[in-house]
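**Student:** Take a look at this one; I'll ask things after.
The values are calculated or read from the model by the stated rules, or taken from the named source; none is laboratory data. None of the values given here were measured: they were computed from a predicted structure. Cβ atoms come from the backbone with ideal geometry, glycine included; neighbour counts cover every protein chain shown. Accessible surface is based on the protein model in full, side chains and every heavy atom, while ligands, DNA and RNA are left aside. Shrake-Rupley method; radii C 1.70, N 1.55, O 1.52, S 1.80 Å.
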Amino acid sequence: MLGIPFKGCAALAWGSARLVATDRKGRWLVTTGYLIAMWLLYYLWAALYADSPTRAGMTFNSAVLHVLVAQTLLAFLPAGTDWRLAREIRSGEVATQLIQPMSLPLRQFAISVGRALAQAIYILPAFALFLWYFDLSLMPKTIPLALASIGLSFVLLFCIDFVVALAGFIATDLWGITASKDALVMFLGGALIPMAFFPAGFREVLGYLPFGHFFNTPIGYITGEIVSVQPLLIQAAWALSFVAAAAWAGRVVLRKLIVFGA
């Protein structure tokens with residue numbers, strides 16, 4: 001029994017990755033847009049640091065690396081689960097998924113894993129090229145902790161996207177909810193500006209809330225700013241809580257299933 005869902009998840013992830021990988025025009029557009037955004041961010045932060053070597057206790061290199069790593073993670077970790085599932089709910093396509101042997105959350109997770117891995121394959125080389133061009137370097141103190149934190153960040157982002165998408169069963173338009181969620185996650189998660197620029201008390205509170213672990217924790221491990229295992233343990237605890245919450249929300253909403261047909 002355990003082998004069946006594993007094979008099914010692997011097949012879904014592989015199929016999802018192939019769909020992303022075969023979209024050559026889409027890959028070039030996304031990569032080009034990513035590089036342009038990175039270039040603009042680099043010179044924006046260079047201008048902010050033009051009259052001061054440090055701000056909020058961060059040097060220019062540490063601040064710009066934080067922002068660039070954040071934007072790179074943002075380019076491939078969120079796999080569009082909320083928009084994709086909401087679209088499937090509105091079209092009625094989700095009805096066929098609900099009668100299949102694989103659960104809806106597991107199916108969406110496998111698809112999202114495939115998309116994230118495929119996106120990472122062409123985003124990460126562009127990121128490496130950007131670092132080389134501007135003579136920047138990452139110095140993770142422990143690669144296993146960095147990889148584990150990235151994986152947990154993906155789980156957190158997937159769960160919040162999945163729960164938001166479930167609102168599509170009871171609402172006809174999710175644009176406002178999804179856009180608000182994206183803004184909240186990016187700002188409080190440290191994807192837009194380093195959390196070092198937040199007030200000290202607010203920053204400390206965010207360290208124990210899930211928001212600080214969406215991006216700030218994996219960024220800290222990747223750049224070498226974090227070496228302690230404590231943030232990873234807190235992130236893992238939040239990931240388990242989010243998985244349980246997403247599973248519970250799925251059961252509650254599916255009991256009151258309303259599919260909006262095209």
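**Student:** Given the condition on the phi < 0 side of the Ramachandran plot, without any contact (Cβ under 8 Å) to a residue 24 or more places away in the chain and acidic (Asp, Glu), answer yes or no: does some residue in segment 44-55 qualify?
**Tutor:** Within segment 44-55 (the criterion being on the phi < 0 side of the Ramachandran plot, without any contact (Cβ under 8 Å) to a residue 24 or more places away in the chain and acidic (Asp, Glu)), the answer is yes, since at least one residue qualifies.
Yes or no, residue by residue, for (1) touching a residue at least 12 places away in the same chain (Cβ under 8 Å); (2) part of a helix (DSSP H, G or I); (3) open to solvent by less than 40 Å² (accessible area, probe 1.4 Å):
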{"residue": "Arg87", "(1), (2), (3)": "no, yes, no"}
{"residue": "Arg90", "(1), (2), (3)": "yes, yes, no"}
{"residue": "Ala116", "(1), (2), (3)": "yes, yes, yes"}
{"residue": "Gln119", "(1), (2), (3)": "yes, yes, yes"}
{"residue": "Leu124", "(1), (2), (3)": "yes, yes, no"}
{"residue": "Phe127", "(1), (2), (3)": "yes, yes, yes"}
{"residue": "Phe130", "(1), (2), (3)": "yes, yes, yes"}
{"residue": "Leu136", "(1), (2), (3)": "yes, no, yes"}
{"residue": "Pro140", "(1), (2), (3)": "yes, no, no"}
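**Student:** Would you be able to say whether some residue in segment 73-82 is surrounded by 20 or more Cβ atoms within 10 Å (Cβ to Cβ), touching a helix residue (DSSP H, G or I) at 6+ places or on another chain (Cβ under 9 Å) and aromatic (Phe, Trp, Tyr)?
**Tutor:** yes
**Student:** On the basis of being open to solvent by 20 Å² or more (accessible area, probe 1.4 Å), under 21 Å from the mean Cα position of the chain (by Cα) and within 25 Å of Phe109 (Cβ to Cβ), does Ile219 make the cut?
**Tutor:** Here the answer is no, as Ile219 does not meet what is asked.
**Student:** Of everything in segment 242-257 that's open to solvent by less than 60 Å² (accessible area, probe 1.4 Å) and within 17 Å of the chain's Cα centre (by Cα), which residue is nearest to Ala146 (Cα to Cα)?
**Tutor:** Result: Phe242.
**Student:** Now for a different question. Say whether the condition of being within 16 Å of the chain's Cα centre (by Cα) and charged (D, E, K, R) is met by at least one residue in segment 169-182.
**Tutor:** Within segment 169-182, one or more residues are within 16 Å of the chain's Cα centre (by Cα) and charged (D, E, K, R).
**Student:** Further question on the same structure: Say we look at segment 157-205 and pick out the residues that are part of a helix (DSSP H, G or I) and of a type in the set (D, E, K, R); which of these is modelled with the highest pLDDT? Walk me through it before giving the result.
**Tutor:** Narrowing segment 157-205 to residues part of a helix (DSSP H, G or I): 157-169, 175-188, 195-197, 200-205.
Applying the additional criterion that residues be of a type in the set (D, E, K, R) yields 161, 181-182, 203-204.
Numbers: Asp161: 92, Lys181: 88, Asp182: 88, Arg203: 84, Glu204: 82.
Among those that are part of a helix (DSSP H, G or I) and of a type in the set (D, E, K, R), it is Asp161.
**Student:** Looking at (1) open to solvent by 70 Å² or more (accessible area, probe 1.4 Å); (2) not in a helix (DSSP H, G or I), can you tell me which one Met102 breaks?
**Tutor:** If we test Met102 against (1) open to solvent by 70 Å² or more (accessible area, probe 1.4 Å); (2) not in a helix (DSSP H, G or I), just (1) comes out false.
**Student:** Could you run through segment 3-18 and say how many residues are of a type outside the set (Ser, Thr, Tyr) and surrounded by 14 or more Cβ atoms within 10 Å (Cβ to Cβ)?
**Tutor:** 7
**Student:** With the checklist (1) open to solvent by less than 70 Å² (accessible area, probe 1.4 Å); (2) at pLDDT below 85; (3) in contact with a Pro (Cβ under 9 Å, 6 or more places away or on another chain); (4) of a type outside the set (Ser, Thr, Tyr) in hand, flag the one item Ala70 doesn't pass.
**Tutor:** For Ala70, the failing item is (2).
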